[in-house]
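The next block holds one structure in the form of C-alpha cells; read it before the comments.
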Amino acid sequence: MMRSEFIFLLTSVAVILADDIIVLNQGSVKGHRLTTRKGGEIFAFQGIPYANPPVGELRFQPPQAKEPWSGVLDATKEAPVCVQRGIYPGDNEIRGQEDCLYLNVYTPRMPDSTLGVVPLDVMFWIHGGGWFNGSGNTDFYGPQYLLDKDIILVTINYRLGTIGFISTEDAACPGNNGMKDQVAALRWVRDNIAAFGGNPSSVTIFGESAGGASVHYHMLSPASKGLFHRAISQSGNALGVWAFTPKGRPKYLAEKVADLFDCPAQPSTELISCLRKQDSYKLFKAELSISVRCKREREGNRGPGKRP
C-alpha cells in the first residue's frame, strides 16, 4: 500500500512539472519555458493579474485586489502594456490598454523540484520611462541574463501618465495611483512568491530612471514598509527635479486636462467623474498637448499611498 502511494505521489509531481502549473491564492497559473543566454532552462509565468482591471469606475482609483478565478490561467503570454506614448523621441503614437495591471515571474526551477531546498532570493524590477511609457515585458527587460543566477525575477506593469498620476490634491483623486500599483504588486509578491519557490523575506527592488526614482520613493514611503528588504536605484532618485511636481501644480494640470474635455474644474468630484467617461487614448493625448508632467509631489502627497 505504501509503495503504491509513493508511486502515485511521484506521478502527480511529474504531471505538475510537465504542465508547469503553480497554485496561487487567487487560482492556478500555467507557464512555459524559456532559455537563458547560457542555454539554461527557466520557467516563465507571464501576464499574471495582480489587481482588478482599473477601468470604468476604477479609473483614477487605487488598485483593487484581484478577485479569484476558476480553472487554470494561461500565463504563457505577456499582457498588454499600459496606455502610453512611444518610447523613442518624436513617437507620440498612443498604444496599450487600461487593463494592464499584470506581472511576470521567472524562476530557474519549479517549486516541486526544490523540496528541502532553500527558497530563492527575489528581484523585483520597476521599469523606467519617465512615468509616461515602458513596461515589464521582454521587449527591453528579458530574464535571459539574470536567470543564469539562482534568483527569481518579477517584472511589472503600472499605470502611466494622466491615467496613473493625475491628482486633484484632495479626496476626489489624491493621485500617485501608478505608484500605488507598484505597492500592490509588492504585496502580491509577499503573498504569492513562495508558491514559485521564492523567499518573501528576501526581496530586492530595483529600477532605472523613473523606476530608480520609484525605488527611492518606496524607501521613503510607509506604504511600502516591510514589502522589500534591499533596494537598487539606477539613474534616478526622488530628489531629481524631474521626479516630483510641487504642491498646487498637479491640481492646476488636472484642471487644464479637464478644460480640454469641457469638464467642470469644480468640484473635484465632478472633474474626475467627467474624465472617467473620456477615451483613454484621448486623455493621454490631451496630457501631451499641454506638456503635463503628472509626477510625484514633493509636498503634501509625497510617495506612494500618501494623501494630502
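The values are calculated or read from the model by the stated rules, or taken from the named source; none is laboratory data. For clarity, every value in this text was computed on a predicted model and none was experimentally measured. As a convention, Cβ positions derive from the backbone with ideal geometry for all residues, glycine included, and neighbour counts pool all protein chains shown.
Remarks
- Test: R95 is touching a residue at least 12 places away in the same chain (Cβ under 8 Å), farther than 21 Å from A195 by Cα and surrounded by fewer than 22 Cβ atoms within 10 Å (Cβ to Cβ): yes
- Considering segment 153-163, and only residues there that are at pLDDT 95 or above and in contact with an Asp or Glu (Cβ under 7 Å, 6 or more places away or on another chain), the residue that is surrounded by the fewest Cβ atoms within 10 Å (Cβ to Cβ) turns out to be I163.
- Taking the criterion of being surrounded by 14 or more Cβ atoms within 10 Å (Cβ to Cβ) and in a strand (DSSP E or B), the residues of segment 66-85 that qualify are V72, L73, T76, C82, Q84.
- Residue check: S201 meets all listed conditions (1) at pLDDT 95 or above; (2) out of contact with any helix residue (DSSP H, G or I) (no Cβ under 8 Å at 6 or more places or on another chain); (3) outside any strand (DSSP E or B) but one, namely (3).
- Just one of the listed residues (S233, S273) is outside any helix (DSSP H, G or I) and either surrounded by 15 or more Cβ atoms within 10 Å (Cβ to Cβ) or not basic (K, R) (or both), and it is S233.
- In segment 51-66, the condition of being in contact with a Gly (Cβ under 9 Å, 6 or more places away or on another chain), at pLDDT 95 or above and among the polar types (S, T, N, Q) is met by no residue.
- Scanning segment 220-229 turns up no residue that is assigned to a strand (DSSP E or B), of a type in the set (F, W, Y) and touching a residue at least 12 places away in the same chain (Cβ under 8 Å).
- Any pair with Cβ under 7 angstrom, 6 or more apart, that starts in segment 50-65 at a residue that is farther than 15 Å from L160 by Cα and free of Cβ contacts under 8 Å to residues at least 40 places away in the same chain and ends at one that is aliphatic (A, V, I, L, M) and crowded, with 21+ Cβ neighbours inside 10 Å: Q64/A51
- When G207 is tested against (1) more than 12 Å from L186 (Cα to Cα); (2) surrounded by fewer than 22 Cβ atoms within 10 Å (Cβ to Cβ), just one condition goes unmet, and that condition is (2).
- When each of T155, T204, T168, T162 is tested for being within 14 Å of the chain's Cα centre (by Cα), at negative phi and not hydrophobic (A, V, I, L, M, F, W, C), the lone residue that passes is T155.
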